[in-house]
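The values are calculated or read from the model by the stated rules, or taken from the named source; none is laboratory data. The structure presented is a predicted model; accordingly, all values stated were derived computationally and were not measured. Ideal geometry is used to build each Cβ from the backbone, glycine not excepted, and the neighbour counts take in all protein chains shown. Note: areas computed on protein heavy atoms with side chains; ligands, DNA, RNA excluded. Shrake-Rupley method; radii C 1.70, N 1.55, O 1.52, S 1.80 Å.
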Amino acid sequence: MSTNNENSIETSQPNETTGKSDKHKTKMQKLKSVVDASIAAADKEQGIIILMTGNGKGKSSSGFGSAARALGHGHKVGVVQFLKGEFTTGEFLFFSQQPNCEYHAIGDGFTWNTQDRDSDIATAKKAYAQTEKFLQDESVDLVVLDEITYMFKYDYLPIEPFLTALRQRPKMQTVIITGRGAKPELKEIADTVSVIDDVKHAFRAGIKARPGVDW
Ligand code: ATP
Ligand code: MG
């Protein structure tokens, strides 16, 4: 006996199929009224804070995916990339060429590479200064703060001034925060929080990080 779904549809009797279609239709009608009601209830117009955290892959790619969407709509995007310097990541090569995107990659690399806390803090302060500029600029529709979570995780930067800057930012501005180990204060202030699970990663099977996929 086949367990294939397509086969079971092919072999089902006409009445059975009609019954299934009717049930499906009723179910979808109910679902549509629920969805329509929640769409009608969500009527506030404002920018939001999105936090992408967790150990799984997809946090920065999500931030840059949203940046592409925003640029597609003619919005202005500001990016501050903490940790990563201006080396050849695909996101830097692409977004720094976009006229509506102001891109700052201010970093000396991962903490386990620099191994120098004082210089990491000095770099973090530079990147943070640019962050505050964006958060005060009404013309910037979307701000992507890539890997900023580490600045607070390692206490390179105090979190309070950042929370204040987020609260005082222009009303329509959206901010995307990415990075592992987000502090509870960031989860609290964000409107949308996604924690990406690390179910599997190709790297652990010995597959090398790939340009265009990982960087
Ligand atoms: P991406 O930039 O691909 O969206 P990310 O922002 O979620 O990934 P980071 O923690 O910033 O993940 O890691 C950056 C790099 O490490 C990327 O090259 C990514 O593919 C890789 N990476 C992400 N998650 C894992 C993991 N669980 N194990 C090993 N490498 C990972
Ligand atoms: Mg990342």
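Output the qualifying pairs, or none if there are none: Cβ atoms under 7 angstrom, residues six or more apart or on different chains, first residue in region 55-70 and touching a residue at least 40 places away in the same chain (Cβ under 8 Å), second residue within 9 Å of ligand 2 (Cβ to nearest atom) and among the hydroxyl-bearing types (Ser, Thr, Tyr). Listed by first residue and then by second, the contacts come to 59/178; 60/178; 63/178. If you check 56, 74, 109 for being part of a loop (DSSP other than H, G, I, E, B), within 13 Å of ligand 1 (Cβ to nearest atom), more than 19 Å from residue 169 (Cα to Cα) and modelled with pLDDT of 95 or more, only one passes: 56. Residues of region 206-215 that are open to solvent by 80 Å² or more (accessible area, probe 1.4 Å) and either more than 9 Å from ligand 1 (Cβ to nearest atom) or polar (S, T, N, Q) (or both): 207, 208, 211.
Residue 173 meets all of the listed conditions (1) closer than 27 Å to residue 45 by Cα; (2) within 16 Å of ligand 2 (Cβ to nearest atom) but one, namely (2). Out of curiosity, is residue 121 modelled with pLDDT under 95, aliphatic (A, V, I, L, M), crowded, with 20+ Cβ neighbours inside 10 Å and over 18 Å from the mean Cα position of the chain (by Cα)? Judged against the criteria, residue 121 is not a match.
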